[in-house]
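The values are calculated or read from the model by the stated rules, or taken from the named source; none is laboratory data. Computed from a prediction, not measured in an experiment: that's the story for all the values here. Quick reminder, even Gly has a Cβ in these numbers, built from the backbone with ideal geometry, and neighbours come from all protein chains shown.
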Amino acid sequence: MKKKHNFVRLAEVQLAQGTLYCGGLDPHDFCSLEKNKKIYLHGSPNVDRWQMYYEILGLLGFSVGTIYDSPWNIKDGTERNRFAAFLAGVEEYIIRVIDILVNKCNIRVFKPQAAFFEQFGPMGNIMLARIRAHIKKIEKEKDIRLICLLDCKRGDIKTTQAMYLLGLLGNLKESWGIDYAPYDFDIINVTPWMGSDVMAFTDDNGGEGKGLKLVREGKGLIVVNKSSNPSGLEYQEMQIVGKEKTLQMCNVDDVYRMSLELELEYENLSALGLVVGSTHICDGSIRKAFPTTTLLVPGFGAQGGKFNKIMLELIRSGKWNGLGAIFSSSRGTMYPFIEKYGGSGKIENLENDLMKAISKFREAEEAAYSASEVVNAGIIYPFKKTA
């Protein structure tokens, strides 16, 4: 590949932040008005943000209702007032988490999950675009590179998939004559169950498809391979007759073949990654089969993923030794104050609890590189030693 792609940029950003940590940005609900209010409407409201959402909801057909002096006084408000307040509060909360991560923890890799925004309908898509814009704003103001990947697991026939990829990764200028990138995510993930179509590497006439164009422009694609959920293994670990391999390992081989045949490697890193959860034991077979890939590793935090289950899949030599993965924690990032995640139990301690959580993660991560099997595999700790 002639152009530096976003997995190379990711590796550079990881070296700059000194960890493989990725902050998940998934707004969970807490199943009651009062619990959600306590978390998302804590502190002083941003009235301008609430007013914006209130007005957009009106354009979408919500009844006018009553505009209250305080948008946070929502218990007896109209549904439109209540919804606008929560939308503003959730956005403000996520922005606060991002700002703490960047300014206090030097975390520069982020992963929103599309479903947690789509739960709000079209308003969630607006919020997601605004969150993405905030991350880009930080990049510009601080003159630093941040990486933002979207966990969306799209997977469809090539014509449909091309539209997903265009909207989430690309710019509308070539297709519509409008110079506008709706989201401009750096990397997204795709689900391979509809075959190679999900890469959209060819169009219906056999020419270069939108997926391949976007990858050649520097964008990254991550193929769901060995997911973190318990039931994922029902299919992924099925033995394929005649190949003496699991379906999951056949997928690894297929993606690596695409990477080589289409020349999608730059500085010994592929523009194609794999999702491999931290909840299942891996022995290095994936790295051996696909030495240049980067793994998106979900499951750290609430799902109980462990470092020792994934460490042998890191890169074992060369410039990127010790890299080759994205260690993602979502609920632990968003709600570090919750006691079962090791927090103080108090929302007002969000900043301190998040800083402590990141510090503990860094310590545990560094210790994981010292395990004998990791050292014996030639995998080194790629970051500056902590004091």
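For the reader, a short list of remarks on this structure follows.
- All positions within the range 287-298 that are touching a Ser or Thr at 6+ places or on another chain (Cβ under 7 Å) and either surrounded by fewer than 21 Cβ atoms within 10 Å (Cβ to Cβ) or part of a loop (DSSP other than H, G, I, E, B) (or both): Thr292, Thr293
- In the range 289-312, the qualifying residues are those that are over 19 Å from the mean Cα position of the chain (by Cα) and not hydrophobic (A, V, I, L, M, F, W, C), and the one that is nearest to Ile222 (Cα to Cα) is Thr292.
- Residue match in the range 256-270 (condition: among the charged types (D, E, K, R), in contact (Cβ under 8 Å) with a residue 24 or more places away in the chain and part of a helix (DSSP H, G or I)): no
- Whenever a residue of the range 354-367 is in contact (Cβ under 8 Å) with a residue 24 or more places away in the chain and surrounded by 13 or more Cβ atoms within 10 Å (Cβ to Cβ), its partners that are outside any helix (DSSP H, G or I) and aliphatic (A, V, I, L, M), lying with C-beta atoms within less than 7 angstrom and at least six residues away or across chains, give the pairs Ile358/Ile107; Glu365/Leu20.
- Matching residues in the range 340-377 - criterion: being over 20 Å from Phe327 (Cβ atoms) and assigned to a loop (DSSP other than H, G, I, E, B): Ser344, Gly345, Lys346
- If you check Leu128, Leu101 for being closer than 30 Å to Phe383 by Cα and in contact (Cβ under 8 Å) with a residue 24 or more places away in the chain, only one passes: Leu101.
- Qualifying position, being in contact (Cβ under 8 Å) with a residue 40 or more places away in the chain, within 15 Å of Ala11 (Cα to Cα), out of contact with any Ser or Thr (no Cβ under 7 Å at 6 or more places or on another chain) and not basic (Lys, Arg), among Gly318, Gly284: Gly318
- Residues located in the range 115-132, provided they are within 22 Å of Ser328 (Cβ to Cβ) and out of contact with any helix residue (DSSP H, G or I) (no Cβ under 7 Å at 6 or more places or on another chain): Ala115, Phe116, Gln119, Ala129, Arg132
- Taken together, Lys104, Lys137 contain a single residue that is among the basic types (Lys, Arg), under 22 Å from Gly218 (Cα atoms) and assigned to a helix (DSSP H, G or I), which is Lys137.
- Just so you know, in the range 140-162 the residues that are in a helix (DSSP H, G or I) and touching a residue at least 12 places away in the same chain (Cβ under 8 Å) include one that is nearest to Gly211 (Cα to Cα), and it is Ala162.
- Pair list, Cβ under 7 Å, 6 or more apart: the range 15-27 residue touching a residue at least 24 places away in the same chain (Cβ under 8 Å) and outside any loop (DSSP other than H, G, I, E, B), other residue among the aromatic types (Phe, Trp, Tyr) and buried (at least 22 other Cβ atoms within 10 Å of the Cβ): Tyr21/Phe327; Tyr21/Phe361; Cys22/Phe110; Cys22/Phe327; Gly23/Phe110
- Lone qualifier among Phe337, Phe327 - being in contact with a Leu (Cβ under 9 Å, 6 or more places away or on another chain), surrounded by 15 or more Cβ atoms within 10 Å (Cβ to Cβ) and touching a residue at least 24 places away in the same chain (Cβ under 8 Å): Phe327
- Criterion: of a type outside the set (Ser, Thr, Tyr), at pLDDT 85 or above and within 17 Å of Phe337 (Cα to Cα) - qualifying residue of Lys35, Lys111: Lys35
- The range 126-171: number of residues that are surrounded by fewer than 14 Cβ atoms within 10 Å (Cβ to Cβ) and either touching a strand residue (DSSP E or B) at 6+ places or on another chain (Cβ under 6 Å) or β-branched (Val, Ile, Thr) (or both): 2
- From the list Ser44, Ser70, Ser63, the one residue that fits, being closer than 20 Å to His134 by Cβ, at pLDDT below 85 and out of contact with any Pro (no Cβ under 6 Å at 6 or more places or on another chain), is Ser44.
- Qualifying residue in the range 368-380 (condition: closer than 23 Å to Lys104 by Cα and modelled with pLDDT of 95 or more): no
- Filtered residues of the range 249-269 (kept if buried (at least 23 other Cβ atoms within 10 Å of the Cβ) and either among the basic types (Lys, Arg) or over 22 Å from Met194 (Cα atoms) (or both)): Leu269
- Enumeration of residues in the range 299-319 that are modelled with pLDDT of 90 or more and assigned to a loop (DSSP other than H, G, I, E, B): Ile310, Leu314, Ile315, Arg316, Ser317, Gly318, Lys319
- Options Gly218, Gly195, Gly177: the member that is loosely packed, with under 13 Cβ neighbours inside 10 Å, modelled with pLDDT of 95 or more and not basic (Lys, Arg): Gly177
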